[in-house]
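Heads up: the structure comes next, in structure tokens.
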Amino acid sequence: MEISRRDFARLASAAVVFRAARASAAEPSVFVAGQDLPVNLDPHQVLDVQAVVNALNAYDNLYRYEDNPPKMQPWLAEGHAVSPDGLVWEFKLRPGVKFHDGSEVTGDDVAYSFQRLLAIGKAPSAPFLPVLKPDRVTAPDRYSVRFQLDKPYGPFFSMIPMVAIVNPRVVEPHAKEGDWGAGWLASNEAGSGAYRVIPATYVPLEHLDMEKYDDHFLGWNDNPRPIEKIACQPTKVTSTRVLALLNGSLDMTDSFLPVDQVERIEKAPNAHVLKNATMRLLLIRMNNTKPPFDNINARKCFAHAFNHTGFIEEIVKGNALRNPAPLPNNIWGYPKDVVGYNFDLPMKPRIYAEYNYASGDGNSADNDVGTFQNLFPTNHKLYGIMDVFAWQNLHNAMLSFKVSPAKNVTAQVDYNAFWLADTNDSWYRANGITTVRPLNATSRAASDYCGSEVDFIVTWNPFKNVQIQGGYSHFFAGRFLKETPPGRSVTYISSFLTYKF
């Protein structure tokens, strides 16, 4: 297939990459990617995204998943038959398919691959072990393989694409102490896939080189300019990986990116993000054998309390779909009538309390500054919308109540009370420099209670990028102001129009 750099950046879980000694993303016949490598290359030992990416290119399977939602596509098999009781499955192979060493793929090789998988007993074998024993996988003839299940098992056929077919003539000479060649195949390859590994340049978890296999059974006539080499250069730091993609050092990055990096790629003129529904789920797991989750009503409470819409729209910026069941909604057998729990409290009331503290300087004459200095502006709204206080020499207790009376409209009331952390230091205004009273004997002897502020705020978002806000605020003067006259209460009316670029 012919793929451009723009396309390669979006094939996060559907491509494997090759790293030659001097490979560069600027070479049109070479793909370079920064995604992680599997812990080893044996497709019968490891089952994760990285392992599948490698196996799909280096190995073939009886059937494969294609399209989204996935459909079972004949691959090494031309077709299959199943007995009426669901116990016997027989697959007919394509003749003439060749492994990378030139030998033909036969029914015995397929049977060996499944027997090896079951004997090793690692990740890919788990769904087969309860229903299939190694001696129940046989080859009736050169181009057939038969499975005799212990009991009918509905998912059996859909599990077939998980198993890579390996070449026993390559693996068995490297077997040691009954390990089925697992030690050797962890750093080598014995497949028939469209690309073959170059073991001499492979460094576990650091880089992997692959080259096009000219004799792959599907051929290459559909692509006049196929990728000759694939190079994988794992880049652990996400920002570095994305930067390399955008400057052309990489052709592709993975799909495990934070939202800000996805948006960064989308805005770039030389890259593209492909968005497809995947089978990756985000779940909150509850242990229903321990309190409070052993109570069904408590579990329902937590389920209703999660704001799915807010999470999808605000946190992941629309890069997810609601999935009301603990199964991917594009998998076979998914119950289409599941509704799920919703965060639908009328007016969405929210009440919370907050306490803030910033140290003051007990002795301004000792050349040792004890007043807390915040590095970034954090004043407006956080300590009252009137900006009477900076986050310096401060005790602040806050209580807030917020409701949403209509779509895109919120109404909020905040109560803030303020005390000086140390009366030997000043009351600093929002800019952190201006002081409310001169620091003298009178202010040092005054009460540390400065006063309280009440804010009534209404916010309306008529459009995605537009926010209109109006507020009424009143500051009630405390004893500090009254004991360091003049001091009085004050009212503040505000309005804001914000446009987000």
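The values are calculated or read from the model by the stated rules, or taken from the named source; none is laboratory data. Quick caveat, the model's predicted, so the values are computed rather than measured. Cβ: placed from backbone, ideal geometry, glycine included. Neighbour counts: every protein chain shown. Note: accessible area is taken over every heavy atom of the protein model, side chains too, but ligands, DNA and RNA are not part of it. Shrake-Rupley method; radii C 1.70, N 1.55, O 1.52, S 1.80 Å.
Rundown of residues vs (1) farther than 21 Å from Phe480 by Cα; (2) modelled with pLDDT under 90, yes/no style:
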residue	(1), (2)
Pro349	yes, yes
Glu354	yes, no
Lys381	yes, yes
Asn416	no, no
| query | Of the residues that sit in the range 116-149 and are in contact with a strand residue (DSSP E or B) (Cβ under 6 Å, 6 or more places away or on another chain) and not in a strand (DSSP E or B), which one is nearest to Leu62 (Cα to Cα)? | reply | Tyr143
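One line per residue, one yes/no per condition, for (1) farther than 15 Å from Leu250 by Cβ; (2) more than 27 Å from the chain's Cα centre (by Cα); (3) open to solvent by 30 Å² or more (accessible area, probe 1.4 Å); (4) modelled with pLDDT under 85:
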residue: Met1; (1), (2), (3), (4): yes, yes, yes, yes
residue: Arg6; (1), (2), (3), (4): no, no, yes, yes
residue: Val16; (1), (2), (3), (4): no, no, no, yes
residue: Glu27; (1), (2), (3), (4): no, yes, yes, yes
residue: Pro43; (1), (2), (3), (4): yes, no, no, no
residue: Asn61; (1), (2), (3), (4): yes, yes, no, no
residue: Pro69; (1), (2), (3), (4): yes, no, yes, yes
residue: Ala77; (1), (2), (3), (4): yes, yes, no, no
residue: Ala81; (1), (2), (3), (4): yes, yes, yes, no
| So which residues in the range 181-206 are buried (at least 22 other Cβ atoms within 10 Å of the Cβ) and acidic (Asp, Glu), if there are any at all? | Glu189
| request: Would you check if Pro130 is over 16 Å from Gln45 (Cα atoms) and either open to solvent by 70 Å² or more (accessible area, probe 1.4 Å) or within 38 Å of the chain's Cα centre (by Cα) (or both)? | output: yes
| query | Across the range 398-435, what is the total count of residues that are free of Cβ contacts under 8 Å to residues at least 24 places away in the same chain and farther than 23 Å from Ser359 by Cβ? | reply | 2
| Just checking, how many residues over the range 212-230 are within 26 Å of Val110 (Cα to Cα) and open to solvent by less than 80 Å² (accessible area, probe 1.4 Å)? | 6
| request: Pull up the range 436-479, narrow it to residues that are in contact (Cβ under 8 Å) with a residue 60 or more places away in the chain and over 49 Å from the mean Cα position of the chain (by Cα), then point me to the one that is nearest to Ser400 (Cα to Cα). | output: Gly478
| request: Report whether or not Asp209 is under 30 Å from the mean Cα position of the chain (by Cα) and open to solvent by less than 50 Å² (accessible area, probe 1.4 Å). | output: yes
| query | Can you find a residue in the range 173-180 that is buried (at least 18 other Cβ atoms within 10 Å of the Cβ) and touching a Phe, Trp or Tyr at 6+ places or on another chain (Cβ under 8 Å)? | reply | no
| task | Considering only the range 237-284, state which residues are surrounded by 16 or more Cβ atoms within 10 Å (Cβ to Cβ), free of Cβ contacts under 8 Å to residues at least 24 places away in the same chain and of a type in the set (Val, Ile, Thr). | result | Thr238, Val242
| task | Being within 30 Å of Ser83 (Cβ to Cβ), in contact with a helix residue (DSSP H, G or I) (Cβ under 9 Å, 6 or more places away or on another chain) and not small (Gly, Ala, Ser) is the filter here, so list the residues in the range 160-192 that pass it. | result | Met162, Val163, Ile165, Val166, Asn167, Pro168, Trp180
| Taking the range 254-266 as the search range and keeping residues that are in a loop (DSSP other than H, G, I, E, B) and of a type outside the set (Asp, Glu), which one is farthest from Leu37 (Cα to Cα)? | Pro258
| Which of the strands (runs of 3 or more DSSP E) contained wholly in the range 392-477 include at least 2 residues that are open to solvent by less than 20 Å² (accessible area, probe 1.4 Å) and polar (S, T, N, Q)? | 394-406, 449-463
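Okay, residues lined up against (1) part of a loop (DSSP other than H, G, I, E, B); (2) of a type outside the set (Phe, Trp, Tyr); (3) over 19 Å from Tyr428 (Cβ atoms); (4) open to solvent by 50 Å² or more (accessible area, probe 1.4 Å):
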residue	(1), (2), (3), (4)
Ala320	yes, yes, yes, no
Asn323	yes, yes, yes, no
Val369	yes, yes, no, yes
Phe376	yes, no, no, yes
Met386	yes, yes, no, no
| note | Over the range 480-501, the set of residues assigned to a loop (DSSP other than H, G, I, E, B) and under 44 Å from the mean Cα position of the chain (by Cα) is Lys500, Phe501
| field | Residue count, the range 83-115 (criterion: surrounded by 18 or more Cβ atoms within 10 Å (Cβ to Cβ), in a helix (DSSP H, G or I) and touching a residue at least 24 places away in the same chain (Cβ under 8 Å)) | value | 7
| message | Quick check on this structure: which one of Phe147, Phe156 is modelled with pLDDT of 95 or more, over 32 Å from the mean Cα position of the chain (by Cα) and either open to solvent by 40 Å² or more (accessible area, probe 1.4 Å) or not charged (D, E, K, R) (or both)? | response | Phe147
